[in-house]
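Structure first, commentary second.
The values are calculated or read from the model by the stated rules, or taken from the named source; none is laboratory data. Remember, predicted model here, so these are calculated numbers, not experimental data. Here the Cβ positions follow ideal geometry from the backbone for every residue, glycine too, while neighbour counts run over all protein chains shown.
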Amino acid sequence: MPLLKLELYEFQQEWNNHKIRYYIYSKCPPGCPNVNYFLPELNNTHDYEFKVNLEEYQFIYNKYYSNSDWNNYLSKEIILEVNINGSKILLNLEQKEINIVNSRKIYNILRILDIKL
């Protein structure tokens with residue numbers, strides 16, 4: 001889970017700090033998403049904030065987020081296949097564990113092996 005969280009965080013940072021070019025047919029305002037969010041007046045846009053129903057939020061949180069047991073999310077066959085192939089890959093890479101340094105390489109190898117994650 002920590003590797004996935006780090007990967008998502010890095011993607012979020014990259015996305016929110018890139019510049020979106022003006023396009024005549026786009027409904028999306030141009031500029032950097034972080035700037036558009038924090039200072040919408042700089043790009044002649046406005047704050048799109050809206051209130052969230054707390055009961056709906058709690059329901060969604062309890063149903064989808066509070067249970068982080070991946071064994072319920074992935075099938076037993078996929079978990080077994082990833083564990084078997086992951087062990088073989090680690091052995092071939094002469095690594096003892098999956099970490100932030102080797103995780104992308106292992107993920108790419110699993111994709112080449114066409115393991116559906």
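Worth pointing out:
- Condition check for Lys51: of a type in the set (Lys, Arg) and either modelled with pLDDT of 85 or more or part of a loop (DSSP other than H, G, I, E, B) (or both): yes
- For Asn67, the conditions (1) outside any helix (DSSP H, G or I); (2) within 27 Å of Trp15 (Cα to Cα); (3) out of contact with any Leu (no Cβ under 9 Å at 6 or more places or on another chain); (4) modelled with pLDDT under 80 all hold with the exception of (2).
- Cβ-Cβ distances below 6 Å connect the following pairs, each with a first residue in region 2-19 that is under 16 Å from Val101 (Cβ atoms), a second residue that is not aliphatic (A, V, I, L, M), and a separation of six or more residues or different chains: Leu3/Ser103.
- Residues being in a helix (DSSP H, G or I) and either under 30 Å from Asn102 (Cβ atoms) or in contact (Cβ under 8 Å) with a residue 12 or more places away in the chain (or both) - total across region 20-35: 2
- Subset of region 1-41 (residues that are surrounded by fewer than 10 Cβ atoms within 10 Å (Cβ to Cβ), under 28 Å from Tyr65 (Cβ atoms) and either of a type in the set (Asp, Glu) or touching a helix residue (DSSP H, G or I) at 6+ places or on another chain (Cβ under 7 Å) (or both)): Glu14
- Residues considered: Leu90, Leu113. Of these, the only one that is surrounded by 11 or more Cβ atoms within 10 Å (Cβ to Cβ) and either at pLDDT 80 or above or small (Gly, Ala, Ser) (or both) is Leu90.
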